[in-house]
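Presented below is the structure to which this report refers.
Coordinate-derived values only; no laboratory data. It should be emphasised that the depicted structure is a prediction, and the values quoted were computed from it without experimental measurement. No Cβ is skipped: glycine too gets one built from the backbone with ideal geometry, and neighbour counts run over all protein chains shown.
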Amino acid sequence: MDISVYHAFLPHEDPDASLAFYRDGLGFEVRNDVGGGTMRWITVGPKEKGTTSIVLCPPAVDPAITDDERRTIAEMMAKGVYAILTLATPNLDDTFARIVASGADVVQEPTDQPYGVRDCAFRDPAGNLIRINEIRREDVS
């Protein structure tokens, strides 16, 4: 079976702040930007990659979601536990420095983890946890 990740969805509360984080901080290209105001769906992804994308979307817009569920989602987003994304880079220190320079909220500086991964972590403007692992270039796809 040949399956790949095409889109991953992360909620945003402020589309312009999220766009600045993913485009300017992480260096992703904007592939699509539809809607208006807080009801924008922004698709971003790595410039050198063509298929995998992150869709930044308004949280809890599905009409099947109840008001109580919307409140729960908002509470989880505020705590930074609603969504997590792990990215990879061959040079964690340079990537970390660039993201810090963009003003991102640092959760963890580059660290050698006891389970064999060197990584760091940030929160995007919506509170989503973004971890970045250092991986050899040939392992990044």
Query raised in the report: Restricting attention to the range 99-131, and to residues there that are of a type in the set (D, E, K, R) and closer than 25 Å to ALA74 by Cβ, which single residue is surrounded by the most Cβ atoms within 10 Å (Cβ to Cβ)?
Result: ASP124
Requested in this report: For VAL30, state whether it is of a type outside the set (D, E, K, R), outside any loop (DSSP other than H, G, I, E, B) and within 20 Å of PHE9 (Cβ to Cβ).
Outcome: yes
**Report entry** Hits in the range 82-106 - residues which are in contact with a strand residue (DSSP E or B) (Cβ under 8 Å, 6 or more places away or on another chain), not in a strand (DSSP E or B) and not charged (D, E, K, R)
**Finding:** TYR82, ALA83, PRO90, ASN91, LEU92, THR95, PHE96, ILE99, VAL100, ALA104
Report task. Would you please list the contacts, defined by Cβ atoms under 6 Å and residues six or more apart or on different chains, that run from a residue in the range 5-27 that is free of Cβ contacts under 8 Å to residues at least 40 places away in the same chain to a residue that is of a type in the set (Phe, Trp, Tyr)? Result -> none
**Report entry** Check on ARG136, crowded, with 16+ Cβ neighbours inside 10 Å, more than 20 Å from LEU19 (Cβ to Cβ), free of Cβ contacts under 8 Å to residues at least 60 places away in the same chain and among the basic types (Lys, Arg)
**Finding:** no
**Report entry** Selection count, the range 54-76, where residues are surrounded by 13 or more Cβ atoms within 10 Å (Cβ to Cβ) and either within 13 Å of the chain's Cα centre (by Cα) or without any contact (Cβ under 8 Å) to a residue 12 or more places away in the chain (or both)
**Finding:** 8
Requested in this report: May I ask you to list the residues in the range 4-30 that are hydroxyl-bearing (Ser, Thr, Tyr), surrounded by 13 or more Cβ atoms within 10 Å (Cβ to Cβ) and over 18 Å from ALA60 (Cα atoms)?
Outcome: TYR22
**Report entry** Residue count, the range 87-133 (criterion: in contact with a helix residue (DSSP H, G or I) (Cβ under 7 Å, 6 or more places away or on another chain), touching a residue at least 24 places away in the same chain (Cβ under 8 Å) and over 24 Å from HIS7 (Cα atoms))
**Finding:** 3
